[in-house]
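K.L.:
Sending over a structure as structure tokens; questions will come in a sec.
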Amino acid sequence: MKLLKPLMISAALLSGALLSSCATTTQQTKLAPGQFEWHPERSPSGPVLMVVSIDDQMAYVYRNGVQIARSTVSTGRAGKETPTGVFQILQRKVDHESNVYKGAKMPYMQRLTWTGIAMHAGQLPGYPASGGCIRLPYEFSQKVYGVLSNGSTVAITKKGTVPSYSAKPANVLMASKAKSSSNQAVPDMQGRVIWEPGKSRSGPYSVLLSYADRTAYVWRNGIKIGQSPFAIASGTRPPEGVFIKLENGDGPRSWSVLSLKKSRVSGSPAEQIANSIQFPAEFTRKTRGILSPGTILLATAEASNASTMSKRDFGIIQPDKQ
């Protein structure tokens, strides 16, 4: 099957702004090139998010919303820059040789794109030096290989950023409640609901809310299985973010949030979204129950379709197959 085109988002959006008070990565002790910290006991189970900061030349690993590791890295050198974006691991191999640089060994390779970007063990001189990949210390690459899997999420940003928490983005799909009033009218929705779960019957779900398209897209295990129009109440600006469902039930820390843009409205970002958008009843029925631990929900102001796609340098890539 052919690749879906990437959604392009401005790299400036992932600027390190947080949706709640949380210690920043810059407050931690500086590590020398090749050093890393590994504390899996802080959170023994749950969905894993890896965040790579190009400016800091650091990687951070969060499990169930808790930082369990951080490491120095080496990203792409000038002219071979590592792309920024939110990616899912496509392929993994303990012993791998580069398809681009013949003979180059890439131990514990975890592929992020089909065009040559991956994470793997390599030399760390203390500055960007790779051909676009993310080099990791050898021992750290072994350890992180053990906690990630195909479909795991990796966010590559320019500046340092850490996840915060939010309550129930499930409300976004299951019980959106945008208000209709003289000051906050909900416009008509354009488009139809498509729901084809038979295309992929197992694996994690990913949901993209594109405010520009006024459309929600649903993938399972990297294959698109549905989409739906939605309406945004006039006078509102829903927040942007990468939400990952944790294993904490439906409590206030049930979702981890990586901010895409600082919210201009006080309160829970999930509640802001739910109060701003409205889905067809058919879509809420069909998607009821899909948001389980590990589900990713990305909300962005950018467009995703080929005709309106931004040309900027932050990519959300959702490939079907190679």
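K.L.:
Hey, L148 hits all of (1) under 15 Å from the mean Cα position of the chain (by Cα); (2) modelled with pLDDT under 90; (3) closer than 30 Å to T72 by Cβ but one; which does it fall short on?
P.N.:
(2)
K.L.:
Got a sec? Which of T115, T153 is open to solvent by less than 20 Å² (accessible area, probe 1.4 Å), of a type outside the set (A, V, I, L, M) and more than 15 Å from R70 (Cβ to Cβ)?
P.N.:
T153
K.L.:
Oh, and also: Report, by residue number, each residue of the range 271-322 that is outside any strand (DSSP E or B), open to solvent by 10 Å² or more (accessible area, probe 1.4 Å) and at pLDDT 85 or above.
P.N.:
Result: F279, P280, A281, E282, T284, R285, K286.
K.L.:
Would you mind telling me which numbered condition in (1) at pLDDT 85 or above; (2) open to solvent by less than 60 Å² (accessible area, probe 1.4 Å) R214 fails?
P.N.:
R214 satisfies all of (1) at pLDDT 85 or above; (2) open to solvent by less than 60 Å² (accessible area, probe 1.4 Å) except (2).
K.L.:
How many of the residues making up the range 151-161 are more than 16 Å from P47 (Cβ to Cβ) and modelled with pLDDT under 85?
P.N.:
Residues meeting the conditions: 5.
K.L.:
One residue is enough: does the range 95-108 have a residue meeting the conditions open to solvent by 20 Å² or more (accessible area, probe 1.4 Å), more than 30 Å from E271 (Cβ to Cβ) and at pLDDT 90 or above?
P.N.:
yes
The values are calculated or read from the model by the stated rules, or taken from the named source; none is laboratory data. All values reported here derive from a predicted model rather than from experimental measurement. Methodologically, a virtual Cβ is constructed for each residue, glycine included, from the backbone with ideal geometry; neighbour enumeration extends over all protein chains shown. Areas reflect the complete protein model, heavy atoms only, side chains present, ligands, DNA and RNA absent. Shrake-Rupley method; radii C 1.70, N 1.55, O 1.52, S 1.80 Å.
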